[in-house]
Amino acid sequence: MDPAGVFATSFAQDQALVRTRSQAVTLGLFVMFMFALPWIADARSVAVMTSMLITAVVVIGLQINTGLAGQINLGQAAFMGAGAYATALLATKGGMPFWIALPVGGVCAALFGLVFGLAAVRIKGFYLALTTIAAQILFHFMVLNLPAAWMGGSNGITVEPARLFGWALDTDAAVYYLCLVVACIMIAGAYGVARSRHGRIFAAVRDDDVASGMMGIDVVRTKALAFLLGAFYAGIGGGLWAYYVRFVSIDQFTLIHSIWFIAMVIVGGMGSVTGALIGVFVIRFAQEFFTSVGPSLVENFSFLSGDVVFAALNIFLGGIIAGFLIFEPRGLMHRWNILKRSYRMWPYPY
């Protein structure tokens, strides 16, 4: 096999979700557990898992954009908001069913992200980060300053429950299954992109865009496509969020949410779809821990307040990002791969 074929095969194996029969069995059992969760868990656990599924879709889009293609994006929450608002408007004012409003909302978010993806063609690094922050500011400016009849202004938009064959998905279990099915489709698509020719092109541009251009890769198209895909995933996640909370407001998509998404990618590991899922689980678990423990601390210690708990959560966010960037910049997925290789080679030292 030629060197290019060897590289393509090894790259695809690294990005694969399942490589052995035992992994396939484990994945099947995990999927069965996820579908059985509403029957064996309480309402709070189902709500948290639904939020995790929505967040996973958004973070996987960021992983494609930043982890695979190397394009810094601090405006993922804005793209998520664009998808949420587009889906809400299509459902409420356009009367579209959710299975049309959801993908069309993702396309609207993708077009919004493409505008800033074209800026990534000429700039990189710090300046690209500022450009994506501008997307966050522009999104808020548009929502708050356009006529309230268009985007709802500061009052937001109320969304009716999604309907499938006349059945309203208005229960926690129904919304959970909707998010689970859509998340499975989007995750499978992300693995397909990562293992495909486009995934290898993204990795090449991420490592060295100048050398990639000299090799014949269309760098302009690749960077724009990375933003397009990342924003599409964010838009789908935003649409799911609109149907989940049935209310869309501008304060649900702020810069701090974009930073949380970046933290999930860093913790899980850059360039790995599985790493994005791990990062979502770890960070969301930490958030739930602070949310659950915070009220007890405030009640038992009079000198604490809700503001202190909120500040502690943000301090934890900054600390975990700094710690991973210093001690484990390639994330938990890289450490897991090292442990797997060590296990396979034991007891040989090399």
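The values are calculated or read from the model by the stated rules, or taken from the named source; none is laboratory data. Nothing here was measured: the structure is a model prediction, and the numbers come from that model. All Cβ positions, even for glycine, are placed from backbone atoms using ideal geometry, and neighbour counts span all protein chains on display. Remember, those area values only see protein heavy atoms, side chains included, never the ligands or the DNA or RNA. Shrake-Rupley method; radii C 1.70, N 1.55, O 1.52, S 1.80 Å.
Order the peptides 234-240, 36-42, 200-206 from the highest to the lowest mean number of other Cβ atoms within 10 Å of their residues.
Values: 234-240: 33.0, 36-42: 12.4, 200-206: 21.7.
Highest mean packing first, the order is 234-240, 200-206, 36-42.
Can you send over the solvent-accessible area of LYS340, 1.4 Å probe, protein chains only, in Å² to the nearest 10?
The accessible area of LYS340 comes to roughly 40 Å².
How many angstrom lie between the Cα centre of the range 172-212 and the Cα centre of the range 65-127?
Answer, in whole Å: 15.
From the protein chains alone at 1.4 Å, what is the descending order of accessible area for ARG246, ARG195, largest first? If you can, show how the numbers build up before the last one.
On the way: ARG246 90, ARG195 115 Å².
Descending order: ARG195, ARG246.
Would you compute, from DSSP H runs of 4+ residues alone, the mean residue ellipticity of the chain at 222 nm, taking -39500 (n - 2.57) per run and dividing by the full residue count, rounded to the nearest 500? Let's see the in-between values first.
Working: 15 runs with 262 residues, N = 350.
Mean residue ellipticity, 222 nm, calculated: -25000 deg cm²/dmol.
If packing is taken as the average count of other Cβ atoms within 10 Å, what order do 104-113, 122-131, 163-172 fall into, highest mean first?
Working: 104-113: 24.3, 122-131: 13.6, 163-172: 11.5.
Sorting 104-113, 122-131, 163-172 by mean packing, highest first, produces 104-113, 122-131, 163-172.
Quick one: length gained pulling ALA211 to ARG197 fully straight, 0.36 nm per residue minus the C-alpha distance? Write out the running numbers ahead of the final one.
On the way: separation 14, 0.36 × 14 = 5.04 nm, distance 1.72 nm.
Stretched fully, the ALA211-ARG197 segment lengthens by 3.3 nm.
With each pseudo-label sitting 7 Å past Cα toward Cβ, what's the LEU130-ARG163 distance in nm, one decimal?
Between LEU130 and ARG163, the label points sit 5.0 nm apart.
Carbon-plus-sulfur fraction of the accessible area of the chain, 1.4 Å probe, in percent? Don't skip to the end; give the middle numbers.
Values: 12430 of 17830 Å².
After summing per-atom areas, the C and S share lands at 70 percent.
Under the rule a/c < 1.5 gives rounded, and otherwise a/b versus b/c splits prolate from oblate, where does the chain land using the Cα gyration tensor? Don't jump to the answer; show the numbers that get you there.
Working: a/c = 1.40, a/b = 1.20, b/c = 1.16.
Rounded shape, in that the Cα axes give a/c under 1.5.
Separation between the ALA148 and ILE320 pseudo-spin-labels, each 7 Å from Cα along Cα→Cβ, expressed in nm?
3.8
Take peptides 250-263, 72-85 and line them up by average Cβ neighbours within 10 Å, highest first, as a rough protection proxy. Each step should come with its number before you reach the end.
Values: 250-263: 19.1, 72-85: 29.9.
Ranked by mean Cβ neighbours within 10 Å, highest first: 72-85, 250-263.
Set the Förster radius R0 to 25 Å, insert the Cβ-Cβ distance between LEU114 and CYS184 as r into 1/(1 + (r/R0)^6), and round the FRET efficiency to 0.05. Each step should come with its number before you reach the end.
On the way: r = 26 Å, r/R0 = 1.04.
That pair, LEU114 with CYS184, gives E of 0.45.
Got the relative contact order for the chain handy, in percent, Cα pairs under 8 Å and 6 or more residues apart?
Details: 505 pairs, mean separation 100.9, N = 350.
For the chain, the relative contact order is 29 percent.
Using 0.36 nm times the number of residues separating TRP39 and ALA24, minus their current alpha carbon distance, what extension gain do you get?
Details: separation 15, 0.36 × 15 = 5.40 nm, distance 2.39 nm.
Answer, rounded to one decimal: 3.0 nm.
Express in Å², to the nearest 10, the accessible area of HIS198 obtained by rolling a 1.4 Å probe over the protein heavy atoms while all chains stay in place.
About 70 Å², rounded to the nearest 10.
Going by accessible area, probe 1.4 Å, with all protein chains left in place, what is the ranking of TYR343, TYR244, largest first? It would help to have the intermediate numbers written out before the result.
Values: TYR343 180, TYR244 65 Å².
Descending accessible area places them as TYR343, TYR244.
Sticking with the crude label model, points 7 Å out along Cα→Cβ, report the distance from ILE256 to GLU328 in nm, one decimal please.
If labels sit at ILE256 and GLU328, their model points lie 2.6 nm apart.
Classify the range 99-203 from the C-alpha gyration tensor, please: rounded if a/c falls under 1.5, else prolate or oblate depending on whether a/b exceeds b/c.
Verdict is oblate for the range 99-203.
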